[in-house]
Structures are given as C-alpha cells and as structure tokens.
1. Give me the distance in nm between label points sitting 7 Å out from Cα along the Cα-to-Cβ direction at N29 and S10, one decimal.
2. If you project the alpha carbons of the range 98-189 onto the principal axes, what extent comes out on each, in Å, largest first?
3. For the residue pair R134 and K150, what label-to-label distance in nm results when each label sits 7 Å from Cα along the Cα-to-beta-carbon direction?
4. For the chain, what does the helix formula give at 222 nm: sum of -39500 (n - 2.57) over DSSP H segments with n ≥ 4, over the residue count, nearest 500 deg cm²/dmol?
5. Taking H as built 1.01 Å from N, whose amide H comes closer than 5 Å to the amide H of I160, not counting residues under 5 places away?
6. In percent, how large is the relative contact order of the chain, given Cα pairs closer than 8 Å and 6 or more residues apart?
7. If you take the C-alpha gyration tensor of the range 1-119, multiply each eigenvalue by 5 and take the square root, what semi-axes do you get, largest first, in whole Å?
8. Within the set of other residues whose C-beta is less than 14 Å from the C-beta of A48, count the net charge using Lys and Arg as +1 and Asp and Glu as -1.
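What follows is calculated from the coordinates using simple rules that are stated; it is not laboratory data. This structure is a prediction, so every number in the text was calculated from the model and none was measured. Positions of Cβ are generated from backbone atoms using ideal geometry, with glycine treated the same way; all protein chains shown enter the neighbour counts.
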Amino acid sequence: MNMLAKSIPSVTKVLAVMANDGDFLEKVNAVGERLATALAAGHTLLIAGNGGSAAEAQHFSAEIVGHYERERRGYSAIALTTDTSILTAIGNDYDFRSIFARQVEALGKSGDIFIGLSTSGNSENIIRAIEQARMQGIFTVSFLGKGGGKTKGMADVDLIVPSDETPRIQEAHLVMIHSICETLDIKLS
C-alpha cells in the first residue's frame, strides 16, 4: 500500500473532526487573538516541546520573529528548545524535567504567553514549565493529543487534538499553529 495514500485520509479525518467542533475552533481563535494582543503590547511568546514538537515550537517562533505570509515587523518569540548550552547545563546540573521551567523562570514575565506542545500530554518538562509559568502570571496554552494526558486541565487553555496517533497529532498541531499565524497576520500587519 502507498503510505501517503494511507496517511492523507487519516489526517483528513482528524482535521474534519476539529473543523466540526465549534468550541474547539473558538478556543484556537481566542488563543490567536490573545497572542496578537500580547505581542502588540511588547510581550513574548515562550514555546517548548520535545522531539517533533520541539521542531514545531521552533517553526512557530520563526513565523512570529520573521513573518508568516504578510510582511510586518518582527515580534518577540523564544523557542526554549534551541540553546544547547542552556539545555545541557540545566539537564546536567538539575535534571531534564527542569529544562523548560528554568528558562521560563529566567525569561518569562507577567503578560507573556507560554505554549507547551506534547502529543501525549505526559511530558514532565512541559508540565513543570506550565506550573512555573502560572506562578509567574504567564498565560499558558497546551497543544495536546491522546486525551490530554497528565497535562489536561493544567494550562489556562487546552487544545487537545482528537487522535491517539502521534503523527496525526503533530500534523494537526501544525495546522493550528498556521491558523494562529493567520490571525496574527490579520491583527498585526
């Protein structure tokens, strides 16, 4: 069987469920609106994930610092996944579960937004970062899948993809990221 022919209907099914869930669509839109307001006020997006979700965090950050489709000024976004010296120092001196929380503690300010991406919802380093962000008055959003895992209910907003398949969850997260970037283009251009 052709794997692409198998994957396309699978991701299309997940996206169709999301597209028909009015509450879910409104939550994603509200995150975009809130992020636009925060960025326009000079606040920063802090974003983190592991593995493929780390790549998505970096992608999202690049769309904000650079631009998405419309030309506009750059805004402040930091993917907490990119500085190998910081990651390895914190991982070595503390533990891997603290690699994002420690950066949130150092870099985050009230009014900022933290987004944690976790396909399982069980990434301890994302959970700790959300806890740290909330202690600092930072608005928190989780991009999850697989029912939300242990992270469900911890963030101010949970965006849970209705799938148990990691690749489908990551693909849906990217669609959500691009949707939010479209909102930013409209609000910030």
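1. Taking the two extended label points, one gets 3.1 nm.
2. 37, 33, 20
3. Spacing of the two 7 Å Cα→Cβ label points: 1.4 nm.
4. Working: 7 runs with 102 residues, N = 189.
Helix-only estimate at 222 nm: -17500 deg cm²/dmol.
5. Answer set, sorted by chain and number: L144.
6. 25
7. Semi-axes, largest first: 28, 22, 14 Å.
8. Combined, the nearby Lys, Arg, Asp and Glu give -3.
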